[in-house]
Amino acid sequence: MKVGLISSSVPLVKGGGRFIVDWLADKLRERGHHIETIYIPFIDEPDQIIVQMNAFRLMDLEAYFDRVITFRPPAHVVRHSCKVVWFIHHIRVFYDLWDSTYRTLPDLAPWRALRDTLICADTAALREAHHVFTNSHTVSDRLRRFNGIDSEVLYPPVLSPELFCSKVYGDEIISVCRMEHHKRQHLLIEAMRYVKTPVRLRLSGLSLAPSYRRSLQEIVESGRLQEKVLIEDRWISEEEKADRLASALANAYVPVDEDSYGYPTIEAAHSERCTITTEDSGGVKEFVSNGFNGFVVPPTPQALAVAFDRLYEDRALAERMGNQAADRIVALSINWDNVVTKLLA
């Protein structure tokens, strides 16, 4: 089958939005399909959104592909008679973040009009689709609430699960993901002020916001946490990530209302490591069950510190919950055979 994978991207920025496309392309080629990946640069500048949507809408793909699969918005507005959407999130500032503290626009008539236009265009484009999948129940709920669109959850796997393994349960809580304010690495550092055990915290990943990276270092210094917290502000390879997880005590992932369980959660599970998250983390809670394969705690430094200490003091608990995290992957059918079968049906 000739398949076009269509998505938006921020040039030179790696992350889950690109991984889900690139990894699917590899798996489809392994199964003998002819694949072309098309990325169009897209930035969330409000006055440019409609213009950028038109770039996708104007593409004539019918003659080239038997099927197109779209991912990051606004790729879903492309036209094709067999368009499948694997929807990973809205342009959130106009959707679930509109009434939150994370809205970056004033609640004024021009922006409300743009929001209405965007929601209308998204809804119309999604109704054209042969099938709409999402990466989580959280995103499916948003599609139903804002667009009146029903969808099927299709959880994204990691590229090479065999890369991850389990060794000794060490003394580090690790978090490997982009360092951004809504990922709340600051909350993890603040938790280290309250721990009572020798547990350590390692934060790894790039930041697109130098000011946020500086603020993290300031929290470390003001709390005199230099011996407890290590910050690696750089791109971490898959091999390095697997190595860190193999000897970690646990994974921590505490974003605000995340779209899905996030690759950090599933990578940790492949390494038989549980995940510590928060009650307001959104899609992460679809994978993590409190006390079973991780901890789901209030979003406070004190509550996180208690979870850190409990795992440090009870390695048997850390190992048991890590094993149950690995079992959860199987229970949810998070694998590439399932993904390919669904998307090409």
Quiz item: Which residues does a label at residue 37 reach in segment 60-81, if reach means a backbone N under 15 Å from a point 7 Å past the Cα toward the Cβ?
Solution: 69-72
Self-check item: Violating pairs (Cα-Cα greater than 31 angstrom) within the set 2/285; 196/285; 27/167; 285/342; 27/83
Solution: 2/285
Quiz item: Between residue 168 and residue 116, how many nm apart are label points set 7 Å from Cα along the C-beta direction?
Solution: 6.4 nm
Self-check item: Gain upon complete extension [residue 66, residue 228; 0.36 nm per residue less C-alpha separation]
Solution: 52.9 nm
Quiz prompt | Full-extension gain in nm, residue 221 to residue 45, via 0.36 nm per residue minus C-alpha separation | solution = 59.9 nm
Quiz item: Ranked highest first by the average count of other Cβ atoms within 10 Å around their residues, in what order do 279-288, 13-22 fall?
Solution: 279-288, 13-22
Quiz item: In a shell of Cβ-Cβ distance under 15 Å around residue 30, excluding residue 30 itself, what net charge do Lys and Arg (+1) and Asp and Glu (-1) give?
Solution: -1
Quiz item: So how strong a dipole does segment 13-100 carry about its Cα centre when Lys and Arg Cβ are +1 and Asp and Glu Cβ are -1, to the nearest 20 debye?
Solution: 300 debye
Quiz prompt | Cα gyration tensor category, rounded, prolate or oblate, for segment 161-331 with a/c compared to 1.5 | solution = rounded
Quiz item: Pulled fully out, how much extra length does the chain show between residue 342 and residue 313, if you take 0.36 nm times their separation in residues and subtract their Cα-Cα distance?
Solution: 6.1 nm
Practice problem: Give the cross-link partners of residue 228 among the aspartates and glutamates, using a straight C-alpha distance below 18 Å as the criterion and excluding same-chain residues fewer than 8 apart. | Solution: 171, 172, 190, 218, 309, 313
Quiz item: Between rounded, prolate and oblate, where does segment 268-325 land on the alpha carbon gyration tensor, with a ≥ b ≥ c its root eigenvalues, rounded for a/c under 1.5, else prolate if a/b exceeds b/c?
Solution: oblate
Self-check item: Label-point gap, in nm, between residue 280 and residue 128 - each point 7 angstrom along Cα→Cβ
Solution: 3.8 nm
Quiz item: residue 30 versus residue 300, label points 7 Å from Cα toward the beta carbon: distance in nm?
Solution: 4.6 nm
Quiz item: Exactly which trypsin sites (Lys or Arg not before Pro) in segment 228-262 are in a DSSP loop and have at most 15 other Cβ atoms within 10 Å?
Solution: 234
Quiz item: In a shell of Cβ-Cβ distance under 10 Å around residue 157, excluding residue 157 itself, what net charge do Lys and Arg (+1) and Asp and Glu (-1) give?
Solution: 0
Exercise. Filter the DSSP H helices in the chain by two things, a Kyte-Doolittle mean of at least -1.0 and an axial alpha-carbon span of 15 angstrom or more, and list the hits by number.
Key: 16-30, 109-127, 210-222, 301-313, 315-331
Quiz item: Gaussian network model of the chain, Cα springs within a sub-10 Å range: biggest mean-square fluctuation belongs to which of 138, 101, 197?
Solution: 101
Quiz prompt | Tensor-based shape of segment 68-218 (alpha-carbon gyration tensor, a/c under 1.5 rounded, otherwise prolate or oblate) | solution = oblate
Practice problem: Please work out the C-alpha center-to-center distance from segment 9-75 to segment 163-238 and express it in whole Å. | Solution: 32 Å
Quiz item: Counting Lys and Arg as +1 and Asp and Glu as -1, each charge on the Cβ, what is the dipole of the chain about the Cα centre in debye, to the nearest 20?
Solution: 80 debye
Practice problem: Show that you can apply the helix-only estimate: for the chain, add -39,500 (n - 2.57) for every DSSP H stretch of four or more residues, divide by all residues, and state [θ] at 222 nm to the nearest 500. | Solution: -11000 deg cm²/dmol
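Rule-based calculations on the coordinates, nothing more; no lab input. Quick caveat: nothing in here was measured; it's all calculated off a predicted structure. In this analysis, Cβ positions are derived from the backbone assuming ideal geometry, glycine residues included, and neighbour counts consider all displayed protein chains.
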